[in-house]
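The values are calculated or read from the model by the stated rules, or taken from the named source; none is laboratory data. As the structure is a prediction and not an experimental result, all values here were calculated from the model. Here Cβ is always computed from backbone atoms with ideal geometry, including for glycine, and neighbour counts include all displayed protein chains. Just so you know, the surface numbers come from the protein's heavy atoms only, side chains and all, with ligands and any DNA or RNA stripped out. Shrake-Rupley method; radii C 1.70, N 1.55, O 1.52, S 1.80 Å.
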Amino acid sequence: MGLLFHIGRYFAFMAAALRRPQKGRVFAQSTLIELEAIGVQSLGIVALLSLFMGAVIAIQTAHQVGGWVPAYTIGFTVRQTMILEFAPTIIPVILSGKVGSNIASQIGTMQVTEQIDALEVMGVRSISHLVLPKLLAALVIFPFLVVIAMVLGIGAGAWICNAADLSSFADYEYGIQIDFKAFDVAYALIKTCVFALIIASVSAYHGYYTSGGAREVGRSSTKAVVYSVVLVMVANLVITQLLLT
Amino acid sequence: MIKVRGVDKAFGDKAVLHGIDASFEAGQVNFIIGRSGSGKSVLTKCIVGLLEVDAGEIKYAGEDFTSLSTKEREPIRRQIGMLFQGGALFDSMTVLENVEFPLRMFADMDAEERRVRAMECLKRVELEGAEDRFPAEVSGGMQKRVALARAIVGRPGYLFCDEPNSGLDPQTAIVIDNLIRDLTHEYGTTTVVISHDMNSVIEIGDNIHFLHRGRVAWRGDRKGILNSGVEELDKFVYASDLMRDIKGKLQGR
Ligand SMILES: Nc1ncnc2c1ncn2[C@@H]1O[C@H](COP(=O)(O)OP(=O)(O)OP(=O)(O)O)[C@@H](O)[C@H]1O
Ligand SMILES: [Mg+2]
């Protein structure tokens, strides 16, 4: 089936997803459940990856220090890498593997076991009922996770500088403050929100239009991850070009 | 009451339903019977609008359902309770939450009223004690009964049951049959039961449609079904030795 078909159907799907919830209470409760599923359960992996990443970037940069590269470059590089790219792009990409496949397989299973038909027959608007809480939860929780990743990554850089004697704390501290632009954080959070929407909606889309059985659910969940990652990368380029030049 | 006129349905070039005419009366247990693959589930899905028909019309109390938009269908849909062939329970919710769900979405009830009503329905399908378990933790027959409880909890005006007693032991099957009959008569529900179980048909069938290769090959009540004179229906009805015995006895008298 053609790309145009998917694009058209995706936008129709999103229009249906963004309709007002039929029952506020049920919607609020589902959103809380999703916050827990998407957010709380991702905290561990996000924290782990950011700590290691921050430390590794510090070591790599320290490797360049000497000659004309001053010691404060370590703090500066860790900060810039974490804020501009690692936290807002790599973390969502990793989460797409976790959250995206989860959303797609959950909705896909509901589709092939007729749970979605059961909703429709009752008069529940299944797309908005299932997808809107996930979109909202992703939109709230992704920026939160990304900020945590930034802080932990920069913290881990400081720790390794001290532990492995790469630079003095004062140099590192100077490095993470030098030439700081608040707009960089805004740029990072803007793109995080866009990526959150892409991952949650593309995964839900692939799950919702599953037909068949367990094999197709698996396939949808793979597609969800692949398409999410590709679209995140494209969006990353576009947003960066628009905001940073 | 539901009236079906001239409904055709095909998947690609595979025609499944051909010019189906049927009518399902209020306060009666209406049956759709037929062999596996004859199109019973597809017909039911067309009637509730999960599948769009290729031709024909479906009228709920005189209103043409097929010509309505999804939004316009909602008021009718809220009066529909449906038991799916596979149960279709929400696997992330407990048994009780499943049964309460239609009430949570659409009924003006507080939590306690909902719980009482849902427990009452679970009791009617003989499932008290299972309310806190998840669908994956109960047997297939129990899932069917939970699904029936969920279908009836909102006191629907239209009740569809796709093979309500497949996978049930004969005793439980009779309990379920009687429940469906009682609810239908008590609330004047338009009930449509899909089944291949001749036992249920003979026990509770008021109005029976026999589907053969996507066509309604016979229509009548439970008395007529034993002597329909339709060859395919006779083969269906007298497939088992037991039914042949019964026929012999009836003719011998
Ligand atoms: N989504 C679909 N796509 C293509 N063909 C389908 C689809 N759903 C059903 N069919 C075909 O329609 C025919 C009727 O199927 P249906 O499920 O209505 O049978 P049934 O009478 O309910 O059988 P059973 O008693 O086994 O449940 C079958 O040949 C089936 O292969
Ligand atoms: Mg069937």
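Working note: 222 nm ellipticity from helices only, DSSP H runs with n ≥ 4, each -39,500 (n - 2.57), summed and divided by the residues of chain A, gives -26000 deg cm²/dmol to the nearest 500.
Summing Lys and Arg as +1 and Asp and Glu as -1 over all other residues whose Cβ lies under 13 Å from the Cβ of residue A:198 gives a net charge of +2. Among residues other than residue B:212 whose Cβ falls under 15 Å from its Cβ, what is the net charge (Lys/Arg +1, Asp/Glu -1)? Every neighbour counted, the sum reads +2.
Membrane-span-like helices in chain A, defined purely by DSSP H runs whose alpha carbon atoms cover 30 Å or more axially and whose average Kyte-Doolittle hydropathy reaches 0.0, are A:41-64, A:126-163, A:182-208, A:214-244. Fully extending the segment from residue B:238 to residue B:93 would add 48.0 nm, taking 0.36 nm per residue of separation and subtracting the current Cα-Cα distance. Going down the list B:40/B:144; B:9/B:59; B:40/B:249; B:3/B:40; A:223/B:45, which pairs span over 25 Å between their C-alpha atoms? Pairs exceeding 25 Å: B:40/B:249; A:223/B:45.
Determine which residues of the stretch B:37-53 fall in the zone a paramagnetic label at residue B:10 would reach in this model, i.e. backbone nitrogen under 19 Å from the point 7 Å along Cα→Cβ. Taking a point 7 Å out along Cα→Cβ of residue B:10, the residues of the stretch B:37-53 whose backbone N falls under 19 Å are B:38-40, B:42-43, B:46, B:51-53. Beta-bridge orientation, the protein assembly as shown: approximately 50 percent antiparallel, per DSSP, counting only bridges with both partners inside. Residue ranking by accessible heavy-atom surface, 1.4 Å probe, largest first, among B:179, A:48 comes out as A:48, B:179. Cα centroids of the stretch B:201-250 and the stretch A:142-193: 77 Å apart.
Treating r as the C-beta distance of residue A:98 and residue B:132 and R0 as 45 Å, the FRET efficiency rounds to 0.95.
Legend: mean number of C-beta atoms from other chains within 10 angstrom of residue C-beta atoms, peptide B:78-86, equals 3. Solvent-accessible surface, computed for protein heavy atoms with a probe of 1.4 Å, shrinks by 50 Å² or more for the following residues of the stretch B:41-69 when the other protein chains are added to the isolated chain: B:50. Accessible surface of the stretch A:23-244, 1.4 Å probe: 69 percent of it comes from carbon and sulfur atoms.
For the stretch A:59-159, which chymotrypsin sites (Phe, Trp or Tyr not before Pro) are both in a DSSP coil and crowded by at most 11 other Cβ atoms within 10 Å?
Here the sparse-neighbourhood loop sites are A:68.
Summing Lys and Arg as +1 and Asp and Glu as -1 over all other residues whose Cβ lies under 13 Å from the Cβ of residue A:240 gives a net charge of -1.
Chains B and A together bury some 1900 Å² of accessible area, summed over both sides, with a 1.4 Å probe. Find how many whole Å separate the alpha carbon centroid of the stretch A:200-245 from the alpha carbon centroid of the stretch B:10-79. Taking the Cα centre of the stretch A:200-245 as reference, the centre of the stretch B:10-79 is 36 Å away. Under 14 Å from a label point set 7 Å out along the Cα-to-Cβ vector of residue A:6, the amide N atoms of the stretch A:205-239 belong to A:205-210, A:219-234.
Annotation for the stretch A:67-85 versus the stretch A:30-58: alpha-carbon center distance of 23 Å. The share of accessible area on chain B that comes from carbon and sulfur is 47 percent, using a 1.4 angstrom probe.
Accessible surface calculations at 1.4 Å, restricted to protein heavy atoms, place the stretch A:23-244 at 43 Å² per residue.
Kirkwood hydrodynamic radius (Cα pairs, Å) of the protein assembly as shown?
Taking every pair of different Cα atoms in the protein assembly as shown, averaging 1/r and inverting gives 26.1 Å.
Taken along the Cα-to-beta-carbon direction at a fixed 7 Å, the label points for residue A:233 and residue A:48 span 2.5 nm. Rounded to a whole number of µm²/s, how large is the Stokes-Einstein D of chain A at 25 °C and 0.890 mPa s, given Rh as the Kirkwood radius over C-alpha pairs? The diffusion coefficient I find is 127 µm²/s. The GNM of chain A, with springs linking C-alpha atoms under 10 angstrom apart, assigns the highest mean-square fluctuation among A:175, A:54, A:157 to A:175.
Helix B:111-124 sits at what angle to the longest principal axis of chain B, using alpha carbons and giving 0 to 90 degrees rounded to 10? Helix B:111-124 sits at roughly 30 degrees to that axis. Note on A:109-117: average number of Cβ atoms from other chains within 10 Å of each residue's Cβ is 5. Here chain B carries DSSP beta bridges of which approximately 50% are antiparallel, counting only pairs with both residues inside. Legend: mean number of C-beta atoms from other chains within 10 angstrom of residue C-beta atoms, peptide A:121-128, equals 6.
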